[in-house]
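*Asks:* Shown below is the structure under consideration.
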């Protein structure tokens, strides 16, 4: 069984995060908690690549559509459609326009429970619902009502993988194996060693 410290997750700083000069601040949050950066690049992407990213899971369209419909109803609002596939078709088109609008920064973070830790630090998909202290809660004021009114994707700075299996598929979609660096980091001894060494001077 693989040690939890080898888990990896994909994070993409979206065009709004790059334009707002928040890449370093976002990275700092992940480094501060003890995660290790093992791959990073700045790039632009295509609508086709974005669509493939979001549909790597064949159930994404249905699940996302159903969640969106439920979210509308929980807030006492009428969903744009009762058909999850119709809802997701609009979401996907908005996401494609959003993600191709400028440079993005995909990166891979490695460490214990990387997927859950990153999701916790990032916050809810809707920044308005994100708790203070999370990246989205601290740096974004967008909301679903505002993005729906404007007919666009919600601007929430970051994509973060939702599960280890999702992360594995997404990493392969964005990075070649040779772009991922394996290396030792001095602080890993503090984070992961079963016993701390004696650091006192005699």
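The values are calculated or read from the model by the stated rules, or taken from the named source; none is laboratory data. Computed from a predicted model, the values in this text were never measured in an experiment. Because the Cβ atoms are built from the backbone with ideal geometry, glycine has one as well, and the counts that use them run over all protein chains shown.
*Asks:* Only one of (1) over 20 Å from residue 50 (Cα atoms); (2) buried (at least 19 other Cβ atoms within 10 Å of the Cβ) fails for residue 155. Which number is that?
*Replies:* Only one criterion in (1) over 20 Å from residue 50 (Cα atoms); (2) buried (at least 19 other Cβ atoms within 10 Å of the Cβ) is unmet by residue 155, namely (1).
*Asks:* Is it the case that residue 195 is at pLDDT 95 or above and at negative phi? Before you say what the answer is, go through the steps one by one.
*Replies:* Values: at pLDDT 95 or above: no; at negative phi: yes.
Considered against the rule, which asks whether it is at pLDDT 95 or above and at negative phi, residue 195 comes out as no.
*Asks:* Additional query: List the number of the failed condition for residue 70; all other conditions in (1) out of contact with any helix residue (DSSP H, G or I) (no Cβ under 9 Å at 6 or more places or on another chain); (2) touching a residue at least 12 places away in the same chain (Cβ under 8 Å) hold.
*Replies:* Exception for residue 70: condition (2).
*Asks:* Conditions: (1) closer than 19 Å to residue 54 by Cα; (2) crowded, with 19+ Cβ neighbours inside 10 Å. Residue 140 meets all but one. Number of the miss?
*Replies:* Residue 140 satisfies every listed condition except (1).
*Asks:* Within region 171-186, is there a residue that is assigned by TED's automatic domain parsing to the domain that holds residue 9, touching a helix residue (DSSP H, G or I) at 6+ places or on another chain (Cβ under 9 Å), crowded, with 16+ Cβ neighbours inside 10 Å and within 21 Å of residue 54 (Cα to Cα)?
*Replies:* Yes; the residues of region 171-186 include at least one that is assigned by TED's automatic domain parsing to the domain that holds residue 9, touching a helix residue (DSSP H, G or I) at 6+ places or on another chain (Cβ under 9 Å), crowded, with 16+ Cβ neighbours inside 10 Å and within 21 Å of residue 54 (Cα to Cα).
*Asks:* Could you tell me which residue of region 165-182 is farthest from the chain's Cα centre (by Cα), considering only residues that are touching a residue at least 40 places away in the same chain (Cβ under 8 Å) and outside any helix (DSSP H, G or I)?
*Replies:* Restricting attention to region 165-182, the residues satisfying the condition of being touching a residue at least 40 places away in the same chain (Cβ under 8 Å) are 166-171, 173-175, 179-182.
Then drop every residue that is not outside any helix (DSSP H, G or I), which leaves 175, 180-182.
Values: 175: 15, 180: 18, 181: 20, 182: 22 Å.
For region 165-182, the residue satisfying everything is 182.
*Asks:* Among the residues of region 81-109, which ones are over 25 Å from residue 45 (Cα atoms) and touching a helix residue (DSSP H, G or I) at 6+ places or on another chain (Cβ under 6 Å)?
*Replies:* First, the residues of region 81-109 that are over 25 Å from residue 45 (Cα atoms): 81-84.
Within region 81-109, 81, 84 qualify.
*Asks:* Just one of the numbered conditions (1) on the phi > 0 side of the Ramachandran plot; (2) in contact (Cβ under 8 Å) with a residue 12 or more places away in the chain is not true of residue 76; which one?
*Replies:* Of the numbered conditions (1) on the phi > 0 side of the Ramachandran plot; (2) in contact (Cβ under 8 Å) with a residue 12 or more places away in the chain, the odd one out for residue 76 is (2).
*Asks:* Kindly establish whether residue 128 is part of a loop (DSSP other than H, G, I, E, B) and without any contact (Cβ under 8 Å) to a residue 60 or more places away in the chain.
*Replies:* Working: part of a loop (DSSP other than H, G, I, E, B): no; without any contact (Cβ under 8 Å) to a residue 60 or more places away in the chain: yes.
It is false that residue 128 is part of a loop (DSSP other than H, G, I, E, B) and without any contact (Cβ under 8 Å) to a residue 60 or more places away in the chain.
*Asks:* Regarding region 13-21, can at least one residue be identified that is under 27 Å from residue 182 (Cβ atoms) and not assigned by TED's automatic domain parsing to the domain that holds residue 155?
*Replies:* no
*Asks:* I need the full set of residues from region 147-164 which are assigned to a helix (DSSP H, G or I) and modelled with pLDDT of 95 or more, in order please.
*Replies:* 150, 164
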